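Worksheet: the structure to be examined is printed underneath.
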Protein chains: 2
Amino acid sequence: MDKLLCGVDLGGSKLSAGLFRPDGTLIEKRLIHSHISMDEEGITRSVVDLINNLLNSLGIGEDSLAGIGIGVAGHVNFHKGIIITASNFKTSFCNYPLKEKIAASFNVPVYMDNDANAQALGELRFGDNRNYSHIVFLTISTGVGCGIIIDRKLIRGMTGTAGEIGHTIIDPGSELQCTCGNYGCLMALSSGKALPQLYDRYLAQGMTSSIGINRENVGTLDGIIIKKGVDSGDGISKRVLEDSADAIGTGLYNLFQLLNPEVFIIGGGLINLGYPYLERIEKRYLSLVKNMMYDKVDFKLPSHGNDTGLLGAAALILEENNE
Amino acid sequence: MDKLLCGVDLGGSKLSAGLFRPDGTLIEKRLIHSHISMDEEGITRSVVDLINNLLNSLGIGEDSLAGIGIGVAGHVNFHKGIIITASNFKTSFCNYPLKEKIAASFNVPVYMDNDANAQALGELRFGDNRNYSHIVFLTISTGVGCGIIIDRKLIRGMTGTAGEIGHTIIDPGSELQCTCGNYGCLMALSSGKALPQLYDRYLAQGMTSSIGINRENVGTLDGIIIKKGVDSGDGISKRVLEDSADAIGTGLYNLFQLLNPEVFIIGGGLINLGYPYLERIEKRYLSLVKNMMYDKVDFKLPSHGNDTGLLGAAALILEENNE
């Protein structure tokens, strides 16, 4: 039997692991949330335990694995196997050598990259979109990031941090500040983390929420509440959806001019805002592109829904020229 | 003797051709301006004549050439060998098959690309910067464009138009409009073409020019006049230099986040604004980068001064995997 791929998706609220056949067929997966309150060492142990539990439940050993791939929601120095920093965990993972830590517990190759990079590779290897050579996988979640594939290769750059579109400046005069300190980056204008500020701008202007949000409780807002607000006719929720979508549309337009991809695949939690959100993103993109798109760029959703992150992590194992 | 490289640099105000040894040593070059008033067919004939004149002056035939490379100041469909559009010529070159037209007059391979792409390849092949693997070559001239090299390969994308940083939006609320119709693209905020509008904003606010520029003659402004203005203490000229530099610095920061290059090479006519301009660009870049630059990104000038465009065009001939 061909060896199996073990993919690990390490996010702020979910830690999951899955075993796949080399063709991407899922065999078994596990999901936990108990890592949320842990420090780096605790999370490392949780990852090791999760993998061992998966292997034990199938009655196989690590000699059945071709490798372990880990996708992390954070800045990753791919070349060194280090999490430089991550803002969605209790711990900041400051320069934490997670790859080496995990590798110490197994005798198979371990690969680690940023989750958006991994997901882009997953689409290239296992997705419905595998015939594309130039792919941008955008993830709109707590933060905003992207994985860039050109000529069927993932672009990582010098440190391995390429794809940080969330920190690109698209409106320097904005009063919305990102966690990085800058004003008007894409993340500050569109991400899950930005929803409270986006909503609060309208409250400050005197608009009234019809879903009980005020300037005291606005910090509790997330994509699920905005979705309910939009569905129930809350005017501010609709404006926030449009503001986020317009910012994302501008970001995709900038990527179009810089990289000229064939397809934008849009993933992450905020796509649950649904069709009105995705339609608005594409509308803004097209309003900027005008007559400058000489070959049509496609807009797609991820091929594998909730398993996109796991499959992406597994795809890291199969990437050519892995270091 | 190894065959020679023939590079052609086709710009709005200058058309030049040069013959190089395979190591990039210049043998002979020619420069004309008479193409300025011509249509597509006239410019095509000028290119052919210029190459033939070069060959004749050295008493050699086209069998001495390894190929002809052409760098064009315009949108180029690299894969089809077509100039999609060019805004700096009397003619717009709308979907003009220049590559094929030139190839009809010679029995050697002909390659054609956007001039910024060619110059990036020139730096990779012949520049002082050839040890870098990840290079962004930015040209700030009548327009603004860049050539992107990642893992020692030029990024072109689907149509071959990647690198159009001049059209990325960095200030959507700006009143400055680009020729593309959008507001607040990098080109509208920083290029040679933008200098009159940048200057006029201050005149409209009531500031007075000390170099005789008013709202009637402001359209005649170019980089040379701004340089003189800065040198003679004209307050508006200094502001315009700073505005352009700040926009470029923001654009480079965005490229840093997206591509994580090792070096920015900054070329084009506006670099003649000199040290205060380049220093301001880097200052703005660093003010945005903050603590997010994990490995230092270098700032450099082009390696070959006025021959950068010609050498870049010649480098197209040596590019691996040419189609």
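The values are calculated or read from the model by the stated rules, or taken from the named source; none is laboratory data. In this text the structure is predicted, and so the values were computed from the model without any measurement. With ideal geometry, Cβ positions are generated from the backbone for all residues, glycine too; neighbour counts draw on all protein chains shown.
The table below lists the values:
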| read-out | value |
| --- | --- |
| Residue count, segment A:182-219 (criterion: farther than 17 Å from A:Gly249 by Cα and modelled with pLDDT of 95 or more) | 25 |
| Number of the exception - B:Leu310 against (1) in the same structural domain as B:Gly223 (by TED's automatic domain parsing); (2) in contact (Cβ under 8 Å) with a residue 40 or more places away in the chain | (1) |
| A:Ser209 among the small types (Gly, Ala, Ser) and buried (at least 22 other Cβ atoms within 10 Å of the Cβ) | no |
| Residue in segment B:61-71 that is touching a Gly at 6+ places or on another chain (Cβ under 7 Å) and exposed (fewer than 15 other Cβ atoms within 10 Å of the Cβ) present | no |
| Residue selected from segment A:1-29 under the condition surrounded by fewer than 19 Cβ atoms within 10 Å (Cβ to Cβ) and under 24 Å from A:Pro97 (Cβ atoms), by the criterion modelled with the highest pLDDT | A:Lys14 |
| Residue within segment A:230-240 that is closer than 24 Å to B:Leu176 by Cβ and buried (at least 19 other Cβ atoms within 10 Å of the Cβ) present | no |
| Filtered residues of segment A:226-260 (kept if facing chain B (nearest Cβ under 9 Å) and of a type in the set (D, E, K, R)) | A:Asp246 |
| Residue count, segment A:99-125 (criterion: among the hydrophobic types (A, V, I, L, M, F, W, C), surrounded by fewer than 23 Cβ atoms within 10 Å (Cβ to Cβ) and in a helix (DSSP H, G or I)) | 2 |
| Total residues in segment A:166-184, condition facing chain B (nearest Cβ under 7 Å) and more than 16 Å from B:Phe256 (Cα to Cα) | 4 |
| Criterion violated by B:Arg284 - all others in (1) of a type outside the set (A, V, I, L, M, F, W, C); (2) outside the structural domain of B:Ser190 (by TED's automatic domain parsing); (3) closer than 15 Å to B:Ser190 by Cα satisfied | (2) |
| Filtered residue count, segment B:139-150, keeping only those that are facing chain A (nearest Cβ under 8 Å) and polar (S, T, N, Q) | 0 |
| Test: residue in segment B:134-142 that is under 29 Å from A:His79 (Cα atoms) and surrounded by fewer than 24 Cβ atoms within 10 Å (Cβ to Cβ) | yes |
| Qualifying residue in segment B:185-194 (condition: without any contact (Cβ under 8 Å) to a residue 12 or more places away in the chain, within 30 Å of A:Arg152 (Cβ to Cβ) and either among the acidic types (Asp, Glu) or within 13 Å of another protein chain (Cβ to nearest Cβ) (or both)) | no |
| Residue count for segment B:261-284, restricted to those that are within 14 Å of chain A (Cβ to nearest Cβ), surrounded by fewer than 24 Cβ atoms within 10 Å (Cβ to Cβ) and touching a strand residue (DSSP E or B) at 6+ places or on another chain (Cβ under 9 Å) | 3 |
| Selection within segment B:161-183 - small (Gly, Ala, Ser) and surrounded by fewer than 24 Cβ atoms within 10 Å (Cβ to Cβ) | B:Gly173, B:Ser174, B:Gly181 |
| Segment A:45-85 - residue that is under 20 Å from the mean Cα position of the chain (by Cα) and without any contact (Cβ under 8 Å) to a residue 60 or more places away in the chain and, of those, farthest from A:Ser13 (Cα to Cα) | A:Gly81 |
| Selection from segment B:151-165 of residues that are facing another protein chain (nearest Cβ under 8 Å) and either of a type in the set (A, V, I, L, M) or under 18 Å from A:Leu286 (Cα atoms) (or both) | B:Ile155, B:Met158, B:Thr159, B:Thr161, B:Ala162, B:Glu164, B:Ile165 |
| Those residues of segment B:126-138 which are part of a loop (DSSP other than H, G, I, E, B) and either within 12 Å of chain A (Cβ to nearest Cβ) or under 8 Å from the mean Cα position of the chain (by Cα) (or both), in sequence order | B:Tyr132, B:Ser133, B:His134 |
| Among the residues listed as A:Ile135, A:Ile150, A:Ile155, A:Ile165, the single one being free of Cβ contacts under 8 Å to residues at least 12 places away in the same chain, within 18 Å of A:Leu255 (Cβ to Cβ) and either among the aliphatic types (A, V, I, L, M) or touching an Asp or Glu at 6+ places or on another chain (Cβ under 8 Å) (or both) | A:Ile155 |
| Matching residues, segment B:176-231, being among the aromatic types (Phe, Trp, Tyr) and in a helix (DSSP H, G or I) | B:Tyr199, B:Tyr202 |
| Residue ranges of strands (runs of 3 or more DSSP E) in segment A:9-77 with at least 1 members more than 30 Å from A:Thr161 (Cβ to Cβ) and of a type in the set (Val, Ile, Thr) | A:26-32 |
| Criterion violated by B:Thr91 - all others in (1) modelled with pLDDT of 95 or more; (2) touching a helix residue (DSSP H, G or I) at 6+ places or on another chain (Cβ under 6 Å); (3) among the β-branched types (Val, Ile, Thr) satisfied | (1) |
| Top-ranked residue of segment B:294-305 - restricted to ones that are in contact with a helix residue (DSSP H, G or I) (Cβ under 7 Å, 6 or more places away or on another chain) and within 29 Å of A:Gly173 (Cβ to Cβ), ranked as farthest from the other protein chains (Cβ to nearest Cβ) | B:Phe299 |
